[in-house]
Each structure stands twice: as structure tokens, then as C-alpha cells.
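Data first, discussion second: the structure below is written as C-alpha cells.
The values are calculated or read from the model by the stated rules, or taken from the named source; none is laboratory data. Please read all numbers here as calculations on a predicted model, not as lab measurements. Positions of Cβ are backbone-derived with ideal geometry, glycine not excepted, and every protein chain shown enters the neighbour counts.
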Ligand code: NAD
């Protein structure tokens with residue numbers, strides 16, 4: 001049993017913290033939204049009114065926050081995690097942020113005697129609720145081994161992929177593939193319907209062949225129905241494509257398809273769909289085609 005301080009109890013962090021409490025850990029959660037803290041309390045955790053209250057007695061601190069600046073403020077700010085935890089604490093950031101942010105956290109942690117892992121996830125809200133996430137972990141092997149029992153309460157595919165930042169690099173690769181698949185499923189659906197073929201029937205066939213994918217399995221029905229309740233917001237995927245392109249620049253590689261998909265997601269945002277599910281890329285493809 002570990003004392004866990006959990007910061008960021010949103011779509012993902014809320015059910016993840018609840019799963020850790022269900023697995024027998026003592027979880028103290030903090031979020032800017034009081035309703036989210038109450039949800040954790042109802043699920044068997046405890047709430048803290050501020051960050052210090054959540055992390056001061058923790059063996060392990062987990063953050064699940066929207067973006068790199070949020071994580072840097074919460075971890076490194078004047079009233080942040082590193083100011084309040086004991087030396088030897090394990091700090092795991094599970095948000096999707098820039099690999100460079102993960103490396104910065106690791107350096108600051110090392111200076112403060114705090115062990116740091118980057119452990120972003122894939123699998124969406126259903127994966128978080130069901131404890132079936134994929135978790136990609138960067139950091140020291142010994143720290144990964146220490147965190148493994150916690151990861152087992154959260155996910156089914158857990159991998160140590162390299163040193164600090166490597167988890168975020170794998171997540172960036174994941175996001176560019178997911179974005180590309182959504183863009184092409186949207187194009188397939190627009191082509192089918194504009195050609196007089198039933199979209200549902202067409203996508204059902206694709207799902208059973210070489211074009212099959214988790215995106216088609218999980219999202220083709222809602223896309224055919226034009227239901228875009230998130231899920232994973234366009235705004236967050238826009239952030240992730242920025243991370244992927246920044247990582248590409250840092251690695252000195254050219255990713256032309258990623259650039260194109262990033263622009264389609266940017267268009268979804270600028271057309272006012274930022275708070276919809278990322279499958280709303282379909283709206284952009286329809287718009288381009290005058291449909
Ligand atoms: P969310 O917006 O639902 O949750 C973020 C939570 O952080 C919110 O409840 C917010 O109030 C809280 N928060 C923000 N700043 C805070 C602060 N300073 N102190 C305390 N709480 C603060 O976002 P989400 O969908 O849970 O995503 C979280 C991260 O996980 C993101 O990096 C996202 O890219 C990643 N992710 C999301 C999904 C998904 O399907 N939603 C899937 C995989 C990864």
C-alpha cells in the first residue's frame with residue numbers, strides 16, 4: 001500500500017485515481033474543480049484543498065494535467081510538487097507533454113533528491129475507467145520497477161521505453177498515428193457517402209480487412225452518426241500534434257504526413273470544434289469537400 005498524492009482529476013485522472021484507491025492505496029487527490037475532488041472521495045479516496053495537502057505525506061506523486069506549462073507550474077513552481085515532497089519520493093507525470101518538459105522535470109527532481117518518471121498513457125476515457133491503459137514509461141529502470149505495481153492497477157500494456165523523455169516520445173508517435181488514422185477514416189466516409197454508398201456498411205467492411213484499426217472498431221458508429229461528444233478533445237490533440245512536430249524538429253527528421261494532419265486538426269479548432277471529440281476531423285473533411 002502506498003500513500004499517493006494525485007493532482008489533476010479530470011477525464012483521465014479521475015478514474016485513474018479511483019482505480020488506485022480501489023487497488024488498496026491511500027490516495028489524496030487535488031484538482032482546481034471541487035466537484036472532481038468530491039468524485040474521488042465518493043470512489044474511496046480523500047480530497048485536499050491545495051497541492052501541499054495532497055503531496056506532503058506521499059510516497060508517490062502523480063500528475064495528470066492538460067499541457068506542458070500546467071505540469072511545469074505544478075511540478076516546478078514556487079508552491080509546486082518539488083517544494084513540498086520529501087527526498088526519495090517518486091514523482092510520475094502521466095500527462096502528455098513535450099519530451100523536453102519530461103527531461104526538465106527529471107533534472108529538477110535529481111537536484112531535489114526526487115525520482116521522476118514520465119509515463120503518458122493511451123486508451124482514452126474507457127481505458128482509464130477500466131484500468132486498461134497502455135502506459136509508456138521513461139526514466140531509470142529501478143524507478144520503473146518501483147512503480148510497476150501502481151501501473152498494473154491502471155493499465156494492461158506497460159513498457160519501460162528508455163530514459164527520461166522517452167515515454168513522451170513514444171506518446172508523440174502514438175498521437176501522430178491516431179491523428180492520421182482519424183483523418184483517413186473521415187476521408188473514407190466522405191468518399192463513400194458522396195458516392196452513394198452507405199457509410200456504415202462501407203466502414204464495416206473496412207474494419208474487417210487490412211484497413212481495420214482500433215479507431216474503426218471503437219469510433220465508426222459514432223462518426224457515421226456524427227456524434228462528437230468527447231472523449232479526447234480536438235484541443236488536446238492539437239496540443240499533441242505540436243508536441244510531435246517539436247520532437248521531430250529536435251530529432252532533425254521530416255514528418256510530412258504529421259504536418260498535414262496537424263493542419264487538419266488546427267482547422268477543426270479554428271472552425272470552432274476545439275471542445276468536440278477529435279473524430280470531429282470529419283467536419284473539416286466535409287467542409288473542404290463542400291458537404
Ligand atoms: P482534463 O482537462 O479532463 O483534466 C485535467 C484536470 O487537471 C482538470 O480537472 C483540471 O481542473 C486539472 N488542473 C489543471 N490545472 C491544475 C492545477 N494547477 N492544479 C490542480 N488541478 C489542475 O484532461 P484529460 O482529458 O484528463 O487529459 C489529461 C492529460 O492526459 C492530457 O495531457 C491529455 O493529453 C492526456 N490524455 C488524455 C486522454 C483522453 O482521452 N482524454 C487520453 C490519453 C492521454
**Request:** Go through (1) within 16 Å of the ligand (Cβ to nearest atom); (2) in the same structural domain as residue 120 (by TED's automatic domain parsing) and name the single condition residue 153 misses.
**Result:** (1)
**Request:** Sort out which residues of segment 66-87 are in a loop (DSSP other than H, G, I, E, B) and either touching a helix residue (DSSP H, G or I) at 6+ places or on another chain (Cβ under 9 Å) or within 10 Å of the ligand (Cβ to nearest atom) (or both), and write them in order of number.
**Result:** 66, 67, 77, 79, 80, 85, 87
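How many of the residues making up segment 88-126 are part of a loop (DSSP other than H, G, I, E, B) and modelled with pLDDT under 95?
1
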**Message:** Give me the residue from segment 93-110 that is away from the ligand (no atom under 13 Å from the Cβ) and surrounded by 18 or more Cβ atoms within 10 Å (Cβ to Cβ) and, out of that set, nearest to residue 240 (Cα to Cα).
**Reply:** 99
**Fill in**
Per the filter on segment 52-65, residues surrounded by fewer than 22 Cβ atoms within 10 Å (Cβ to Cβ) and either not assigned by TED's automatic domain parsing to the domain that holds residue 139 or not in a loop (DSSP other than H, G, I, E, B) (or both) are 52, 53
**Prompt:** Would you say residue 229 is surrounded by fewer than 19 Cβ atoms within 10 Å (Cβ to Cβ), within 16 Å of the ligand (Cβ to nearest atom) and within 24 Å of residue 99 (Cβ to Cβ)?
**Reply:** no
**Asked** Within segment 39-51, is there a residue that is buried (at least 24 other Cβ atoms within 10 Å of the Cβ), near the ligand (Cβ under 10 Å from one of its atoms) and not in a loop (DSSP other than H, G, I, E, B)?
**Response** no
**Message:** I'd like the residue in segment 2-23 that is surrounded by fewer than 21 Cβ atoms within 10 Å (Cβ to Cβ) and farther than 19 Å from residue 90 by Cα and, out of all such residues, is modelled with the lowest pLDDT.
**Reply:** 11
**Message:** On the basis of being within 16 Å of the ligand (Cβ to nearest atom), within 22 Å of residue 202 (Cβ to Cβ) and at pLDDT 95 or above, does residue 185 make the cut?
**Reply:** no
**Message:** Conditions first: (1) assigned to a strand (DSSP E or B); (2) touching a residue at least 60 places away in the same chain (Cβ under 8 Å). Residue 129 passes all but one, so which condition is the exception?
**Reply:** (1)
**Message:** Please determine whether any residue of segment 24-31 is away from the ligand (no atom under 12 Å from the Cβ), over 26 Å from residue 156 (Cα atoms), surrounded by fewer than 22 Cβ atoms within 10 Å (Cβ to Cβ) and not assigned by TED's automatic domain parsing to the domain that holds residue 249.
**Reply:** no
**Request:** Being buried (at least 23 other Cβ atoms within 10 Å of the Cβ) and within 16 Å of the ligand (Cβ to nearest atom) is the filter; apply it to segment 121-150 and report the residue that is nearest to the chain's Cα centre (by Cα).
**Result:** 121
**Complete:** Restricted to segment 162-185 and to residues being on the phi < 0 side of the Ramachandran plot and outside any helix (DSSP H, G or I), the residue nearest to the chain's Cα centre (by Cα) is 164
**Prompt:** Among the helices (runs of 4 or more DSSP H) confined wholly to segment 213-291, which include 1 or more residues that are closer than 18 Å to residue 67 by Cβ?
**Reply:** 234-251, 256-268
